[in-house]
Structures are given as C-alpha cells and as structure tokens.
Amino acid sequence: MTTLATDVARMAEPDAGVSDDRPELRKSVAGTGLLVRFVLRRDRIRLLLWFAGIVGLVVVTAASIAGLYKTPEQLASYARTVRGNSALIVQAGPGYGLDNPTTGAVMMNELSVWTILAISLLSVFMMIRHTRAQEESEQAELIRAAPVGRHAPLAAALVATAIADLVVAAGCAATLIFYGLSATGSIAFGSSVFGAGLVFAGVAAVAAQAASGSRAALGLGSAVIGAAYVVRAIGDVGNGVLSWFSPIGWAQSIRAFADERWWVLVLPLFATATLVSIAVALQGRRDFGAGLTAQRPGAAAAGPRLSSPLGLAIRLQRASVVGWTVGLGLIAFFYGIVADQAESILEDNPEMKDFFAQLGQGSITDAFLSMSVLVMALMATGFTISSVLRLRAEEMAGRTDALLATPVERRRLGLSHLAVAIGGTVAIMTICGLLLGAGFALVSADAGQVVRMAVAAVVMVPAMLVFAGLAFALYGFSPRWSPIVWAAFVWALVAGMLASVLNLPDRVLDLSPFQHVPALPADSMAWPPVVALLAVAAALMALGLWALDRRDMS
Amino acid sequence: MLADWEGTTKGSVMSTTVNVAPAISISGLVKTFGSTRALDGLDLEVAVGEVHGFLGPNGAGKTVTIRVLLGLLRTDGGTARLLGGDPWVDAVELHRRIAYVPGDVNLWPNLSGGETIDLLARLRGGVDQRKRDDLVERLALDPRKKCRAYSKGNRQKVALIAGLASDAELLLLDEPTSGLDPLMESVFQDCILEATREGRTVLLSSHILAEVEKLCDRVTIIRQGRAVQSGTLDDLRSLTRTNITAATDRPIVGLDGLDGVHNVRFDEGHVHFDVDGAALDGAIRHLSSFGIHSLVSQPPTLEELFLRHYGDELAAMNGAERGVT
Ligand SMILES: Nc1ncnc2c1ncn2[C@@H]1O[C@H](COP(=O)(O)OP(=O)(O)O)[C@@H](O)[C@H]1O
Ligand SMILES: [Mg+2]
C-alpha cells in the first residue's frame, strides 16, 4: 500500500500526466509506464517463483536427457518407441525431427508442450490479476482517481506480462545453449515460448473484458488454454490441419531443432495484435468493474447445507476439488494407457531401466505404474496443502472474524477446512487410482487392475496427510508464516523425482514422507510406515489445534 | 486519564439498572502489537440497556477493543468482562448472546448476500425469518447478488442485517455506517432505536458525531488506546463551554472577572462570551442583575467536544496553534 500510494502520488505530479495536445490514444494510456513498474514490483516474488519453476523444469529435463540419451543408438531407440505412438503424440506433440533424432529434437518432444503450457498459465494469471482482479480490489479506486488513462491498466498489464514472458523465454533458451544445444534451435524454442505467452496474454486481455468477474475471467482464459491443447492434440494425431488453429500448435510448428520455420512466428504476433485490439474495443464498451456478460444471480436464501463451518468449507472448496480431480484423473488415465509401453520404451535404454528397477522388485510395467502413482500423489499434494492453507487465505482476507464472532469454536472452524482437505485428498487419489487402473485395464485387458491401482493410490494418502498436518500446524502458530510448508513440498518433489539424478544421501532423502510409503504395485504392502505416517500427521494436526486456540486472530 | 467528574455521571440510566452487572466492563486494558501499544490502560463501562458511543479518531484502538471483547485477541494486561463472562475463556457461550458488525466487511465473493445472512444467522442459532425479510426490504438489499458484486455500502448492509436480525442481547457495532448513504443511515438509526426498545445493549463505535448524538445515551472518547472522557452527553457538554449572546438593560460590568468565563466581547449592545459548564449558573445570575432582555445560548456540539480532545493533535498537524479559545 505504501508503494502504491507513492506511485499514485507520483502520477499526480504534472510531468507524469499527459499534456492536452497529445492525441487521444496517447492520452488513454497515460501513466502506463509507472503502472508497469508498479505491477512488476508488486509481483517480483511471484515472478521469481514462476521463473524458477519454468526454467527449473527446462534445467531438470535437459540434465536428465543429456544423461540418458548419449549415443545415436539411444536416441534412435527413443525415436522408435515414441514415433507413431498416438498416446504420446496426444500428450506431447507431433515430435518434429524424430525421424533423424538429435538431442534437441528429443528435448523438444519431452519438454516443449509443458513449457508452452506453463508460460500460457503465467500469462493468463498475471494478466487477470492486474486487470479484472485489480478492478475488484479496493486499490482500484486509488488508481482510477489518479490521472491515468482509461486503457493504462490494461496496457500496463500487457507490457509487464510481455516482459515477464520474455525473461522466462530467454531463460529457457539460455539453459539449452548452456547444455550445449545449438543456439539457433534454442532461440527458436525461446521464441516459440515467448510467442505463446503473448497470445495467451491477449486471450486473457479479452477474457478480462468479457467475463462477469475475475474468477470467471481466469476460468475463461484457462479454458482457452485447455481448448488450444486439445485442438492441437487432435490435429497432431490426424492430418495436422487442426493444429494450425491452436496457438500451442503454432509454437510447436516453429520446429525448433528440426529445420526451423521462422515465418510461423508471424502467427502469434498477428493474433496478439488482433486480440489486444478486441480487448481495447471491448474495454471502451463496458463499465468499470462490470463485464459484458452479466453476473449470474445467486440464491436469495441459503440452502440447507450452508449452515455449519463444514458446510461453508465444502462450498468454498468444492470447485477446487472437482477441478483437481478432473485434471489429475485425466493424467492418471493417460498414464494407465501408456503403461504397457513402458517395457518397450525402456528396452534399449539400460540406464532408464536401472532407474525403474530401483523402484521395486516387480516388473518394469509395475515400476512404471508405481512411479505414476507417486507422480500423481506429489501433484495432488499441491491440492492438499493449498486446501489447508485456505484457512490462511480466509483469515488474511478478514473473513474469519465474522464466523468466530458467532458461537463457533476456533477448532471447529480449523477442522472444517482440514476435513475438506483430507476428504478431498482421499477422493482425488481414489479417483486417480481408479482411472489409472481403468486405463491400464483397457490396454492389458485385465479388469483386476482397477482395484489394484486404486489401492496403490490410496496407500499414498498418509504421506500426503503429513503435509496437511504440517500446513495446519504452521497455520495454528502463524498464518503469516504457514506458506513455509511449500518449501517442504518442493523438497519432497526433488526427493521424489530427481533422487537418482542428484545422488543425494539417503538420510537427506528420508526427510520426505514419500520415501517411506510402500510403492505399490511394485513393492508389497507394509503397514508400519503407513501407520507411522498417519501418527505423525495426527500429531501435527493436534499441535496445530493446540496453537490455534492460543493465538491472536489476525 | 479519565476526567475527575466521572463519579458524578450516575444519571437516569444508571439509577434504573442498580444491581445489574454492566454489559461491558473493561479496566486498565493493555494490548500491544510488537512495539505498538494499541490499548494502553483502557477503561470502558457499558450498562445494560444503553446505547454507548465509542468515539475516537482512526487508529485510536476502537477495533482492537472490540476484537478483544470478541475473544479474537489476547490481552497483555488489565481486565475485560463481557456480560459477566471472560471474553477469551467463555467466547463460545458469550457469542450466543452477542452480534457483531465489523467496520471492514469482507464477505465470501461467491456467496450471495442472502446466503451470507442465513449462514451467519444459523451459526448463531437460527434465523428470525420475519425480521430478516423485513430488514432486507427496509435496507433495500438485493439478496441474490453475489457478494463480489456488492459495493462497500451493500456489504455493510449484509453484515448489519445478519447482526440486527439476531436476538442478541448485546450488539457490538464497529463503525457500521461508514459506507451507507444518508437515507440508509436513517433506517439504521431507526433499527438501533428499535433494538434499545427491545431492551438490547449497543456498543457503537463511530466517528460520525451526528449519529452518536442522535443515538447514544453515553459516550466514551478514546485516544491512543486510552479513554479520555466518558459520561452522558450532557455530562460531556457541561465540561465544555457554552456560547452565550445576550443583551441587557444596563451595561454589564465585572463579567470578565468571573471564573470560567472567557472571550468576552461587546458589540452593538450585545455581549458574547463562552462559559464553562460549571460556571454557567453564576454567569447567568451575574447577567440577570443587569436585566436580561434577550439571551441566546448554544450548547457545544459533539464536534466541539471532539475537537477539544483532538485539538492539540490538529494544532500540531497544522504546525501552529489556532486562534480558538
Ligand atoms: N493485528 C495488528 N497488528 C499490528 N498492529 C495493529 C493490529 N491491529 C491494530 N493495530 C494497531 O493498533 C492501533 C489501533 O487500531 P484500531 O483499533 O484498528 O483503530 P480504530 O480506532 O481506527 O479502530 C493502530 O495503531 C493499529 O495500527
Ligand atoms: Mg476501526
């Protein structure tokens, strides 16, 4: 707030404004420069995390591929198993350059689609946050009262997002160059990532005008990303025409490391320009704080379920539970379908085979399934933690006082969201397990896999609950510091996914709860660690309750 | 420091409530946040059945006091009693008997106003449907709108309806009208008067003086976490100077010499002066010995009362003492 106030004050200075003789358009974006700086400063931590996340993904993939595929034979074997495998094409893209595979081409097949999706999400989140969500905050009034042009906030969000995209894309390209890949290919990859970021910034700009509120705008922007992914997936397995209707398809059609087609870059630039003009036109036509589509009215009276803290917690979190279940469930189903190919993918790659063999005594297919269960559990832990930390968000937003001023005990309020976190975690893992099993049952014609995988997934829950407990205990002591739990989560991710690459000592790895759960189906069931993890989780939750009863509410 | 006239404030309100424990009784309350002393020995007493104004500039500690009473904050010293119980230990039982309307109303963006009102009422033990619908209509709230779409004033209405529709004995209202338009403010005032007729007690934190003057039996003025004055409005006025303009048959002499008389000025046969509440009687007797034929007296407004207590702050802010009294 202090920095905002300073900025607003600075905008009020005469030289920051725009004199009357400038043309209309210039006037409508007056103050953009200051707003850009304000946006970037406000988001500096957030952007640092995005940068670390996306570039980190590139670093990790580049490191592991450089280690796994060293010889032309290994590259060729990779290409043999991947090419023509529809399941993998749907997931990752057409695999340009795999007919004559280079490390760069393999890297693109493994990496490009995820990087593009990540930067698209970055663009959408950042744009909505600084346009529509900003309008709904109290600060908007302050900014509007300052002499900034009508389109300045939108222009500033666009410029700031473009800068963020550019920095991330440059980081990705630099990483590949650092790992010894050709500069041309690396820059082509960076450009494709940047282009996708720009297009989705434009998409978000339009969504911010059209939607009825910031959450709806976020949903709309994310839905367009999803649609772009699906459209290119259908195009890539078909004759490729549809892929030209998807910004993600364009990004891959630049063909980094496979005879680059630079002219394709015109498409994202043209699309961005078009989308921005649409957004500007729409902005001129709507009221501040309102969308083009009206807000759907809610119920005039509360339904019967909305009468307890638990009922409220369910209501507040149900959309998130459904979203996570659908998203992770689809991924799980996908893993199930490709599971029987694991054996052939790994056949010619002894190191990868060793890696999977370490996971358990079972077959490579079982090892792959165990790995899939672990990956889903790690991702779903993101839900578990954010669901517990909803308590923090509610308290920070000042919505807890009104509840605690009624005869509701603090522990009851705390337990309500904790219950949703636990229930949601069990539901997500059960459904992911069932879908993983269903996918695998389809390709292996063995219906018994469905229950087997569901059990394997549910066995992960105690480790996930340790994170719920940790988040809750931290919240109990201090809502401000409770996000520290994310550091523990990142640690578990590193330990779970990169243990063999990083060569860390066992004692350090053992800090992650996931090191202790039996990796079904490759391992056999072991009860002691499961019970121990549950006990740790329960103890942490009890500690959180104890602390919550004793502190000031903020 | 409480002014020394505090012992003389047992007005009509107190005489009817002998033997009844006060609804709120705070003494020597201290609350610190790090190095900030938000409450610094606060005293506050609210009798059952009264509307008590709780006045103070921004940052004086009004909200912190109310949050202590709600058991949301621990105290660092002093005592606080609420309806005969301990606000921290007995929070849940006490909350069945109170309703709270915050100043900064934050609501769940994707719940409608109607849903929010019902939720809060149910958590308190049930909805008085007739009262709820009546309030929704009188305050002209559209209960179907999502809270995200409400303006500040409308969010405040939601919180007010949830609080007023309850059967709470004690209403804790923290600047409840700061976003309401004048029309809605008068509806709010009617609602508070109805609540007192039903025998409820109200603690009304505010810095809208006209509202406090209209509604409150007694007021406490706080500043920097300490009560600087407390009493009925009349008591407070008696502490402040009344402005008198008079005309007499014979020329006045000796008025300047009286204790408690200030700023004596003569013009066109009139005399103007300010007189302390305690010296009013003497001053008027003195005047009448010269044969009064016209007299206008203006009681001090709450504004003046308020300014008297914050005047030095204002002066410091303006960098110079202003020419008043
Ligand atoms: N949670 C908190 N942490 C730190 N300081 C606080 C907190 N709550 C209130 N304060 C400080 O206590 C003082 C009193 O604030 P408050 O009671 O909100 O004033 P008001 O009379 O305007 O309601 C202010 O200086 C404020 O900054
Ligand atoms: Mg306040």
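Computed from the coordinates by the stated procedures, all read-outs in this text should not be read as laboratory data. Bear in mind that the values here come from a model prediction, so they are computed numbers and not experimental data. Every residue, glycine among them, receives a Cβ derived from its backbone with ideal geometry; neighbour counts consider all protein chains shown.
General remarks:
- In this structure, A:Asp259 and A:Phe288 have a Cβ-Cβ separation that, at R0 = 45 Å, corresponds to a calculated FRET efficiency of about 0.35.
- Using distinct alpha-carbon pairs, which all enter the 1/r mean, Kirkwood radius of chain B in Å: 21.8 Å
- The mean number of partner chain beta-carbon atoms within 10 angstrom of a residue's beta-carbon across peptide B:119-129 is 5.
- Contact order, relative form, for chain B: 19 percent (alpha carbon pairs under 8 Å, 6 or more residues apart, mean separation divided by residue count).
- Computed about the Cα centre, the dipole magnitude for the range A:386-490 is approximately 200 debye when only Lys and Arg (+1) and Asp and Glu (-1) carry charge, each at its Cβ.
- Going from the residue with the fewest nearby Cβ atoms within 10 Å to the one with the most, A:Cys432, B:Cys216 rank B:Cys216, A:Cys432.
- Neighbour counts of other Cβ atoms within 10 Å put B:Ser25, A:Ser246 in the fewest-to-most order B:Ser25, A:Ser246.
- With viscosity 1.002 mPa s and temperature 20 °C, the Kirkwood radius over alpha carbon pairs of the range A:306-554 converts through Stokes-Einstein to a diffusion coefficient of 113 µm²/s.
- Volume per residue of the C-alpha convex hull in the range B:176-268, rounded to whole Å³: 196 Å³
- Per-residue HN-Hα couplings for the range A:459-466 [Karplus 6.51, -1.76, 1.60; θ = phi - 60°; Hz; x = Gly/Pro]: 4, 6, 4, x, 5, 5, 5, 4
- Spin-label model, A:Asp99/B:Gln224: points 7 Å from Cα along the beta carbon direction are separated by 8.4 nm.
- Pairs exceeding 26 Å between alpha-carbon atoms, taken from B:Lys131/B:Lys214; B:Lys31/B:Lys131; B:Lys152/B:Lys214; A:Lys27/B:Lys146; B:Lys31/B:Lys157; B:Lys31/B:Lys152: B:Lys31/B:Lys131; A:Lys27/B:Lys146; B:Lys31/B:Lys157; B:Lys31/B:Lys152.
- Lys, Arg +1 and Asp, Glu -1 on Cβ, resulting dipole of the protein assembly as shown about Cα centre, debye, nearest 20: 1560 debye
- Inter-label distance, A:Ser363 to B:Arg285: 11.3 nm, where each label sits 7 Å from its Cα along the C-beta direction.
- Chain A, relative contact order [Cα under 8 Å, separation at least 6], %: 13 percent
- Nitroxide proxy distance, nm - points 7 Å out along Cα→Cβ at A:Ser478 and B:Arg37: 2.5 nm
- Relative contact order of the range A:306-554, defined on C-alpha pairs under 8 angstrom at six or more residues apart (%): 27 percent
- Packing-based exposure ordering (other Cβ within 10 Å, fewest first) of A:Val322, B:Val271: A:Val322, B:Val271
- The range A:209-281 and the range B:35-72 have Cα centres separated by 57 Å.
- A viscosity of 0.890 mPa s and a temperature of 25 °C, combined with the Kirkwood radius over Cα pairs in Stokes-Einstein, give a translational diffusion coefficient for chain A of 96 µm²/s.
- Spin-label proximity, A:Ala76 to the range A:98-133 - amide N less than 13 Å from point 7 Å beyond Cα toward beta carbon: A:99-102
- Zone of A:Arg150's modelled label, taken as backbone nitrogen in the range A:25-41 under 17 Å from a point 7 Å along Cα→Cβ: A:25-32
- Cβ-derived FRET efficiency at R0 35 Å, A:Arg46 paired with A:Arg507, nearest 0.05: 0.55
- Centre-to-centre, using Cα atoms only, the range A:455-533 and the range A:134-185 are separated by 35 Å.
- Estimated FRET transfer efficiency (B:Val20, B:Lys131; beta-carbon r; R0 25 Å; 0.05): 0.45
- Our note on the geometry: Cα centres of the range B:209-239 and the range A:414-439, 56 Å apart.
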